[in-house]
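The values are calculated or read from the model by the stated rules, or taken from the named source; none is laboratory data. Predicted model, so just to flag it, every value in this text is computed and none were measured. Here the Cβ is made from the backbone with ideal geometry for all residues, glycine too, and neighbour counts use every protein chain on show. The protein model used for the area step is the full one, side chains on, heavy atoms only, and it has no ligands, DNA or RNA in it. Shrake-Rupley method; radii C 1.70, N 1.55, O 1.52, S 1.80 Å.
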Amino acid sequence: MKSCILAGIAALAFYLPNTLKEVAKPYLGVYECKEAKLGNEDYLQRFEDITLELKGNGEFILTFREKGGRERREKGKYTYDEKREAITLDGGAIKRQFPLKDGALRFQLSLGGKWLSVLFEQK
């Protein structure tokens, strides 16, 4: 009986640190694109789905599929600034900081004289 209790405590002690790390980083996980506009044009209509995953190792994966097309993935690195409630995405060609607050991430970039506005919400 004692060995069963000790085994349970040992298993809990092993599991607990990982759980605490995840709770301390509530921004981790998958975000679904809810809005994508370039100027007044709704670009989200062109895609079946767009997701952004923030992984615990500081890596992000952007996954998207145009309607009738194949799935594509882009990877990069990110850092989270807790004080500013902002995330810096580094995809190689672009490194920018964006607000990430209450499970919502909004990108706003100027492209070719028009504003690209993208909203991701945590699933």
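Let's see how each residue does on (1) within 13 Å of the chain's Cα centre (by Cα); (2) farther than 15 Å from E121 by Cα; (3) modelled with pLDDT of 95 or more:
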residue	(1), (2), (3)
A36	no, no, no
Y43	no, yes, no
R72	no, yes, no
E85	no, no, no
L89	yes, yes, no
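Per the listing T88, T63, the residue uniquely polar (S, T, N, Q) and either touching a residue at least 40 places away in the same chain (Cβ under 8 Å) or closer than 13 Å to Y31 by Cβ (or both) is T63. Selection within the stretch 89-113: residues that are more than 16 Å from T79 (Cβ to Cβ) and outside any strand (DSSP E or B). The member of this set that is least open to solvent (accessible area, probe 1.4 Å) is G103. Here the stretch 67-78 is the region considered, the condition is being open to solvent by 90 Å² or more (accessible area, probe 1.4 Å) and not in a strand (DSSP E or B), and the residue that is farthest from Y43 (Cα to Cα) is R70. Determine, yes or no, whether D81 is open to solvent by less than 90 Å² (accessible area, probe 1.4 Å) and acidic (D, E). When the stated conditions are applied, D81 passes them. A Cβ distance below 8 Å, combined with a sequence gap of six or more or placement on separate chains, defines the contacts here; from the stretch 43-57, residues that are basic (K, R) reach residues that are surrounded by fewer than 14 Cβ atoms within 10 Å (Cβ to Cβ) in the pairs R46/E66; R46/K67. Of all the listed residues (K2, K21, K25), the sole one being out of contact with any strand residue (DSSP E or B) (no Cβ under 8 Å at 6 or more places or on another chain), modelled with pLDDT under 90 and surrounded by 11 or more Cβ atoms within 10 Å (Cβ to Cβ) is K21.
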